[in-house]
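Below is one structure; the comments refer to it alone.
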Amino acid sequence: SRTYKICLIEGDGIGHEVIPAARLVLEATGLKFDFVEAEAGWETFERIGTSVPEETVEKISASDATLFGAASSPNKKVPGFFGAIRYLRKRLDLFANVRPAKYHPVPGARQGVDLIVVRENTEGLYVEQERSYLNGELAIADTVITRKASSRIGEYALKLAMTRPRKQLHVAHKANVLPLTQGLFLNTVLEQARNYPEVKTQDIIIDNCAMQLVIRPERFDVLVTTNLFGDIISDLTAGLVGGLGIAASGNIGLNNAIFEPVHGSAPDIAGKGIANPAATILSAAMMLDHLGEHETARRLERAVDRVLENGPRTPDLGGEASTEAFARAVAAAL
Ligand code: NAD
Ligand code: MN
């Protein structure tokens, strides 16, 4: 079998703990990996004055996929600093932010949930074009929607729906209030859906969608939406299945892909060796799916579930295990 070149970026805080844990588990899968380490984030900025060195971009580009831990951002404006993951999404045109929400045996998780939020990752309100007028009494933010970006995210979501048993797609939008921007997004995706007659596509207004996700989350399969709505709704869906300890994600482009846990660098527990690595290990499973190693990805998910169910668990899930002990248990369960 082939050897996959994987770029590992620990980043900051518990990134230094969860990435080695995921590496340990990947090494136990039986697949062959050539791991390349790269740096990014706040600690990198403090040391060399940039949060993403050019060498890191080169290493990501030369790899089959990248696994990212977490990066810290200061709460105040720091001259010259930019958020590492947001920079990489733009720089590498990682247009699809993919966030599965699936039942795992953890406290608070809703049974029967198995959905994926596909969030457009490059435009909408996140073009970050804000202006202030009248001594700060008026402020305006642009939202940008293009046919091109709507079309490629629609295509991605439809192809993803085709791989799923239910083959269902919800297009979540607010075209009733914003017919030009949201309408362009909605109509572009619906036009594209005509090329995928097997996918049951329906549109849903985003606020109703939020309510339906809380009341009957099990009726959703793949859900595609614009950037801001996707940001909010995917945190909601992470909450449905137990939250940050297990929420995984992928940032996917045509040439590169970066997988990362949804959680941040958790400065309150960093350095203690007690961070839950499950979200990073499940992100690694998404990465294996992306590489076409579906069987190993499923085996890895089942191994994580077995350890979540039987222990040892990390303190956030009521256990006493260390990050490394959890990872060793997953490796053994493989
Ligand atoms: P956070 O996700 O780091 O932490 C929120 C809470 O959840 C904390 O109490 C933390 O201890 C806990 N937690 C998070 N992940 C955990 C894990 N794997 N195991 C056990 N407990 C876990 O969010 P925050 O506190 O809002 O942000 C901290 C820093 O992380 C900030 O600098 C922020 O900018 C950054 N951040 C980065 C990303 C990213 O890299 N994608 C995402 C969110 C926040
Ligand atoms: Mn968010």
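Readers should treat all values here as calculations from the given coordinates under stated rules, not as data from a laboratory. All of these numbers come straight from a predicted model, not from anything done at the bench. Don't worry about glycine lacking a Cβ; one is built from the backbone with ideal geometry, like all the others, and counts go over all protein chains shown.
Can you pull the semi-axes for the chain, root of five times each eigenvalue of the Cα gyration tensor, sorted largest first, whole Å? Write out the running numbers ahead of the final one.
On the way: eigenvalues 186, 128, 77 Å².
Semi-axes (√(5λ), whole Å): 31, 25, 20.
PHE82 sits among other residues whose Cβ lies under 12 Å from its own Cβ, and their net charge, with Lys and Arg +1 and Asp and Glu -1, is +4. Computed extension length for LEU236-GLU130: 35.5 nm, one decimal, from 0.36 nm per residue of separation with the Cα-Cα distance subtracted.
The eigenvalues of the Cα gyration tensor, multiplied by 5 and square-rooted, give the stretch 110-240 an equivalent ellipsoid with semi-axes of 27, 18, 11 Å from largest to smallest.
Taking GluC sites (Glu not before Pro) that fall in a DSSP loop and have at most 15 other Cβ atoms within 10 Å as cut points, what is the longest piece of the chain between them?
Result for the longest clean stretch: 1-127.
Each Lys or Arg adds one and each Asp or Glu subtracts one; over the other residues with Cβ under 11 Å from the Cβ of THR3, this totals +1. Between LEU190, LEU160, LEU180, the Gaussian network model of the chain with springs among Cα atoms under 10 angstrom shows the greatest mean-square fluctuation at LEU180. Note on the chain: with a GNM built from Cα contacts shorter than 10 Å, the maximum mean-square fluctuation among ILE60, ILE258, ILE215 falls on ILE215. Working note: Cα gyration tensor of the stretch 201-295, eigenvalues times five, square-rooted, sorted largest first, giving semi-axes of 25, 19, 13 Å. Taking every DSSP bridge with both residues inside the chain, close to 40 percent are antiparallel. Computed over neighbours whose Cβ is under 10 Å from that of VAL117, the net charge equals 0, Lys and Arg +1, Asp and Glu -1. Once the chain from LEU138 to ILE205 is taken as fully extended at 0.36 nm per residue, the excess over their C-alpha distance is 21.3 nm. Computed extension gain for THR50 through ASP34, at 0.36 nm per residue and net of the alpha carbon distance, reaches 3.1 nm.
Label-to-label distance for THR3 and ARG219 is 5.2 nm, based on points extended 7 Å past Cα in the beta-carbon direction.
Note the count of lysine pairs whose C-alpha atoms are less than 24 angstrom apart in the chain, limited to pairs 8 or more residues apart or on different chains. Counting lysine pairs in the chain gives 21.
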